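Below you'll find the structure, written out as structure tokens, and then a few comments.
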Amino acid sequence: MPAYFLEALTVTLGIVLLIAEAFSTAPRRTWIGFSAIIGLVVVLALTFISLGPESLASEGKNWAKYTLWDLYKFDASARFYKIIALVSAIFTLILAIEYRSVMARFAGDKGGEEGTGEYYSLIVIATAAMMWMASAKNLSFLFVSLELLTVTFYILVAFMKRNVGSLEAGVKYLILGALSTGFLVYGIAWIYGACGSMDLAQITLAAGFEGTAGTPLLFGVALVIIALGFKIGAAPLHFWIPDVYQGAPTPTTAFLSVGSKAAGFMALMSFIAPFSHSPYAGKIFSALVILSCLTLIVGNFGAIPQNNFKRLLAYSSIANAGFILLAVAANRDDADALSSAQIVGFYLAGYLIMTMAAFFILSLLRVQSGSENIDALDGLSKRNPILAVTTTIIMASLAGVPLTVGFVGKFFVFQAALASQMWVPAVIAAVTAAAGFYYYFKILRAIWWNSPNHKEPIPFDPTSVFTFALTFLTAAILLFGVWPEPLMKLLNGVR
Amino acid sequence: MSFFIFLIPFVAAVAIIFGAPPRLSARVAGVATLVIGLYASFTWQCDCWTSSVPVLASPSIDLAFGFVNGISAIMVALAVIVTAAATFTGKAPEGREKLYYASSLLIAAGALGAFLSTNLFFFYAFHELALIPTFLMIGLMGRGSRKEVAWKITIYLGAGSLILLAGLVWLAREAGTYNILAMLEAQKAGKIDIDPDTQKTIAALLIVGFGTLVSLFPFHSWAAPAYASAPAPTAMLHAGVLKKFGLYGLLQLAVPLLPIGMNAWLTPLLVLLLGNILWVGLVTINQKRLDTMLGHSSVMHMGYIFLAIAAAVASSAAGKENIFAIPAAAILMFAHGISIALLFGLADRIERSTGTLDLAELGGLAKPAPALAFLFGIAGMASLGLPGLANFSGEVMVFLSGFAGRDPSSPLGPVQVATILSLWGVVISAVYILRAYRKTFQGATVNSTVNATDIPFFDKIPAFVLAAVLLVVGIYPNLLARLLQ
């Protein structure tokens with residue numbers, strides 16, 4: 001099956017669900033969410049049997065000759081980021097179904113579930129955008145898919161239209177998103193001017209060519225890095241993150257911090273790749289080193305005073321962006337060791353697992369207690385011991401305790417930083433990781449040491465999809481922490 | 001097959017969390033680990049104990065278990081003995097049995113995993129696994145200002161671990177492998193050649209990193225309050241077993257792989273270890289409570305083991321063989337682990353039967369509790385280095401290692417000077433142990449001790465086993481020393 005069917009199927013699924021939703025009269029809308037999940041699982045399975053024009057099985061096929069392949073690639077890295085997009089969308093949908101009671105209160109006209117139906121199909125459409133991004137070979141293609149993603153997210157963020165926080169977040173995201181789009185287009189224009197092409201392969205050639213005008217090219221690159229810096233939440237372009245994350249509906253926040261961030265990093269990686277061996281590499285990568293150090297410091301130290309769990313996770317997502325940026329900046333691509341692209345991919349996969357799990361806990365907290373503050377977790381060990389143990393594992397992984405997937409990711413990043421002899425950034429990463437222990441353990445302190453505000457136990461339906469998904473994520477944290485090879489296998493050939 | 005030694009306490013801990021009867025499961029697991037662990041330690045050369053499962057192809061990391069050498073065997077023996085004793089000691093707070101026993105078993109599993117790992121990655125990872133339940137136990141069930149103490153130990157040990165991690169990653173990078181056995185073999189074959197400047201930096205990271213975990217002066221201030229606050233099994237397992245991880249790491253990695261780097265830091269290391277022995281020793285004398293006194297004494301005794309490490313480094317730099325240094329360090333680690341575990345276990349018993357550990361409020365406890373007094377006497381005498389008990393053989397060898405291979409006509413080197421100064425530590429130990437013993441057990445009974453009870457029969461078993469180990473190893477240290485050959 002040619003790979004471009006994947007996006008076609010996904011976007012069709014999104015549109016069909018949207019239409020079906022419009023004509024539906026049923027009071028409950030969860031079936032849309034479940035259909036979306038089933039559809040995406042099918043697409044996920046198809047990802048493994050899809051082919052690009054390079055593979056042997058597609059030889060002689062008519063579709064392998066389409067001009068589309070000049071814009072669209074399907075290699076190991078495209079496949080990997082499509083998987084990331086699909087998996088994060090599936091978990092986001094599960095989360096959205098659990099969260100619908102809160103969402104219905106602020107989205108529907110009569111407080112019923114009628115208003116929540118479109119939400120599921122928007123997630124599916126955003127997923128298609130991320131999948132397209134993963135296959136971009138050309139800056140124009142990258143730009144269009146990134147815009148599809150961003151525009152969908154404007155709606156997802158402001159979805160709870162009767163909630164001031166959600167609206168405020170929507171406006172902030174809209175304004176800053178538009179600004180970053182401006183930077184992106186302008187940057188691409190400069191690069192086009194300097195290189196004469198928007199094709200990444202052509203840009204690679206142009207960047208190595210002596211006659212290329214260096215200053216305009218670097219200016220364009222800087223503008224694009226700023227635009228992508230907004231998407232991934234790199235300091236000093238991170239201002240929007242805490243407010244938008246806090247205001248947006250929790251499933252949107254989860255999708256934003258996992259899916260959108262992964263897409264942003266994927267875009268950054270494919271954008272940076274043409275320059276990694278060019279004469280401009282030194283300047284570009286030292287700019288990334290500075291960005292990563294700033295992001296590490298802002299994210300980790302900004303998280304320390306937070307009392308709101310959601311805001312804490314927002315800062316944690318900034319902090320993790322710092323670690324990933326450090327791996328990008330290390331610019332490793334030796335054949336016998338892990339390349340930067342592999343480390344970034346692994347880190348993002350691990351980050352997906354543990355951050356999703358953390359948002360599951362957060363949404364449970366919101367649905368059960370109506371609060372998103374850390375003190376709502378007080379005495380959780382007495383109210384629901386199994387949930388307390390689960391949260392402990394998730395927080396330990398976010399902090400980077402060994403035998404969890406979070407540690408393996410950080411471990412690779414440190415290794416890459418040391419291999420590239422980036423001593424100062426490595427020290428900053430170590431110090432800020434230590435700060436991370438402090439704020440993640442603040443949550444553990446609430447769970448285990450503080451006495452509960454309420455005595456009644458937190459109910460917990462052991463048969464629900466939600467519980468199953470949370471168990472699955474927690475098990476994956478531990479499994480990949482001890483046995484990272486299966487994840488690494490997916491990253492084989494990612495360069 | 002040695003991963004079973006790790007797996008038994010680990011699986012038991014998980015089972016307890018999911019509802020197995022806490023105390024019974026913990027004790028059964030403790031005894032099972034003891035039996036298999038001791039058997040494995042005494043037959044460690046057998047290939048049957050090694051196993052390895054690749055978990056990552058690039059960089060190549062294996063979940064590899066086995067014995068690196070005889071030092072690992074001695075540490076495993078120590079760990080299983082203390083684990084079994086710890087599961088029989090102390091009393092879980094009402095309603096917290098699950099967490100209490102599961103945490104103890106997790107600490108034991110982590111320590112065993114670290115001593116049995118032959119891969120650097122998991123060597124580090126298992127130690128961290130053991131730290132989390134330690135923090136939890138102190139924070140949840142500790143005495144006194146437990147929360148502050150738990151934060152303090154978390155920050156100290158967390159920072160120490162990160163520094164250590166940097167050193168280990170760097171070391172693995174220079175050595176080109178995470179496999180400890182391969183590293184040591186390559187070193188023997190002369191295939192590892194790390195340049196002196198790099199060695200120096202890595203050695204500094206390892207000394208500070210491992211040193212913080214072992215409470216090397218001046219990174220020691222977390223230790224005494226933590227042990228004083230920790231519940232008995234946690235204090236036994238951490239002070240007795242887990243803390244030895246740092247010394248074990250220095251002995252297995254830093255001393256053989258970084259001879260030049262370690263030698264470059266020899267003098268600072270000697271100064272710091274004298275800080276442990278003399279400075280912390282004097283602080284120990286000044287303690288007014290039994291638990292803080294034991295905590296400080298455990299910090300102080302680490303100095304002797306560092307002295308043996310320093311002697312090994314100095315001899316190898318001079319190109320001489322030091323037959324005493326490594327056995328001294330290994331035997332003293334074992335002896336100290338057993339004796340401090342016994343002391344913490346008994347201190348808990350004293351507190352439970354008298355309600356206080358303040359030395360000023362204790363007195364004459366030997367009358368109502370003769371067995372307790374006898375056991376505490378044995379452990380205390382062992383701790384101060386009385387001949388015939390395990391610590392003596394270790395300490396004597398440490399002092400001998402300081403002078404081993406010295407040309408009698410040459411002037412005293414820094415190691416010899418440090419050895420002579422550290423001999424004063426024996427006097428210091430004698431002062432505080434004997435004073436504590438007199439204040440606690442001798443004289444007339446006071447309010448708190450009049451109605452004190454002796455150790456009940458079941459609690460006597462682990463204490464007597466530990467005391468017997470001290471005696472057996474003291475009389476026949478070769479039992480352990482021959483494991484090193």
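The values are calculated or read from the model by the stated rules, or taken from the named source; none is laboratory data. This structure is a prediction, so every number in the text was calculated from the model and none was measured. Virtual Cβ from ideal backbone geometry, glycine too; neighbours counted across all protein chains shown.
Taking A:Ser420 and the conditions (1) touching a helix residue (DSSP H, G or I) at 6+ places or on another chain (Cβ under 8 Å); (2) more than 21 Å from A:Ser339 (Cα to Cα); (3) among the polar types (S, T, N, Q), which numbered condition does it fall short on, given that it satisfies the others?
Tallying (1) touching a helix residue (DSSP H, G or I) at 6+ places or on another chain (Cβ under 8 Å); (2) more than 21 Å from A:Ser339 (Cα to Cα); (3) among the polar types (S, T, N, Q), A:Ser420 fails exactly one: (2).
Looking at segment B:314-321, can you tell me whether even one residue there is crowded, with 18+ Cβ neighbours inside 10 Å and either over 30 Å from B:Gly413 (Cα atoms) or not small (Gly, Ala, Ser) (or both)?
No: zero hits.
A:Ala341 is checked against (1) touching a Lys or Arg at 6+ places or on another chain (Cβ under 6 Å); (2) hydrophobic (A, V, I, L, M, F, W, C); (3) within 30 Å of A:Gln368 (Cβ to Cβ) and fails just one. What number does that condition carry?
Failed condition: (3).
Here are some residues: B:Leu423, B:Leu400. Which one is closer than 18 Å to B:Ala314 by Cα and out of contact with any Gly (no Cβ under 6 Å at 6 or more places or on another chain)?
Residue meeting the stated conditions: B:Leu400.
In segment B:74-103, which residues are among the aliphatic types (A, V, I, L, M) and closer than 16 Å to B:Arg349 by Cα?
Those that are among the aliphatic types (A, V, I, L, M) and closer than 16 Å to B:Arg349 by Cα: B:Ala85, B:Ala86, B:Ala92.
From the list A:Leu478, A:Leu473, which residue is modelled with pLDDT of 85 or more, within 14 Å of chain B (Cβ to nearest Cβ) and closer than 20 Å to A:Gly400 by Cβ?
Criteria check complete, one pass: A:Leu478.
Hey, could you check segment B:167-216 for residues that are of a type in the set (Gly, Ala, Ser) and over 23 Å from the mean Cα position of the chain (by Cα) and say which is nearest to the other protein chains (Cβ to nearest Cβ)?
Checking each candidate, the answer is B:Ala172.
Would you confirm whether or not segment B:361-371 contains a residue that is out of contact with any His (no Cβ under 8 Å at 6 or more places or on another chain), closer than 21 Å to B:Ala77 by Cβ and either part of a loop (DSSP other than H, G, I, E, B) or not basic (Lys, Arg) (or both)?
Scanning segment B:361-371 turns up no residue that is out of contact with any His (no Cβ under 8 Å at 6 or more places or on another chain), closer than 21 Å to B:Ala77 by Cβ and either part of a loop (DSSP other than H, G, I, E, B) or not basic (Lys, Arg) (or both).
Okay, residues lined up against (1) touching a residue at least 60 places away in the same chain (Cβ under 8 Å); (2) closer than 21 Å to B:Ala310 by Cβ; (3) touching a Phe, Trp or Tyr at 6+ places or on another chain (Cβ under 7 Å):
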residue	(1), (2), (3)
B:Leu140	no, no, yes
B:Tyr156	yes, no, yes
B:Trp170	no, no, no
B:Asn179	yes, no, no
B:Gln187	yes, yes, no
B:Ala204	yes, yes, yes
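Quick one: in segment A:439-470, which of the residues that are away from every other protein chain (no Cβ under 14 Å) and aliphatic (A, V, I, L, M) is farthest from B:Ile138 (Cα to Cα)?
Looking at residues that are away from every other protein chain (no Cβ under 14 Å) and aliphatic (A, V, I, L, M), I get A:Val465.
Within segment A:239-287, considering only helices (runs of 4 or more DSSP H) that don't extend past its boundaries, which have at least 3 residues that are in contact with a Gly (Cβ under 8 Å, 6 or more places away or on another chain) and at pLDDT below 95?
A:240-247
Checking B:Leu282 against (1) in contact (Cβ under 8 Å) with a residue 60 or more places away in the chain; (2) not in a helix (DSSP H, G or I), which test does it fail?
Result: B:Leu282 passes all but (2).
So if I check each of B:Ala360, B:Ala371, B:Ala382, which one is buried (at least 22 other Cβ atoms within 10 Å of the Cβ) and modelled with pLDDT of 85 or more?
After ruling out the rest, the residue left standing is B:Ala382.
Filter segment A:481-495 down to the residues that are in a loop (DSSP other than H, G, I, E, B) and more than 20 Å from the chain's Cα centre (by Cα), then identify the one that is nearest to the other protein chains (Cβ to nearest Cβ).
If we take residues in segment A:481-495 being in a loop (DSSP other than H, G, I, E, B) and more than 20 Å from the chain's Cα centre (by Cα), then A:Trp483 is nearest to the other protein chains (Cβ to nearest Cβ).
From the set of residues in segment B:153-164 that are within 7 Å of chain A (Cβ to nearest Cβ) and among the aliphatic types (A, V, I, L, M), which is nearest to A:Val401 (Cα to Cα)?
B:Leu162
Restricting to segment B:12-59, name every residue that is touching a Gly at 6+ places or on another chain (Cβ under 9 Å), part of a helix (DSSP H, G or I) and either within 12 Å of B:Met1 (Cβ to Cβ) or within 14 Å of another protein chain (Cβ to nearest Cβ) (or both).
Across segment B:12-59, the qualifying residues are B:Asp47, B:Trp49.
Filtering segment B:61-100 down to residues that are within 14 Å of another protein chain (Cβ to nearest Cβ) and not in a strand (DSSP E or B), which residue is surrounded by the fewest Cβ atoms within 10 Å (Cβ to Cβ)?
Selected residue: B:Glu94.
Do any helices (runs of 4 or more DSSP H) entirely within segment A:106-209 hold 2 or more residues that are within 17 Å of A:Leu256 (Cα to Cα) and touching a helix residue (DSSP H, G or I) at 6+ places or on another chain (Cβ under 8 Å), and if so, which?
Qualifying helices (runs of 4 or more DSSP H): A:117-134, A:139-157, A:164-195.
Looking at segment A:427-438 only, could you name the residues that are surrounded by fewer than 24 Cβ atoms within 10 Å (Cβ to Cβ) and more than 9 Å from every other protein chain (Cβ to nearest Cβ)?
Of everything in segment A:427-438, those that are surrounded by fewer than 24 Cβ atoms within 10 Å (Cβ to Cβ) and more than 9 Å from every other protein chain (Cβ to nearest Cβ) turn out to be A:Ile428, A:Thr432, A:Ala435.
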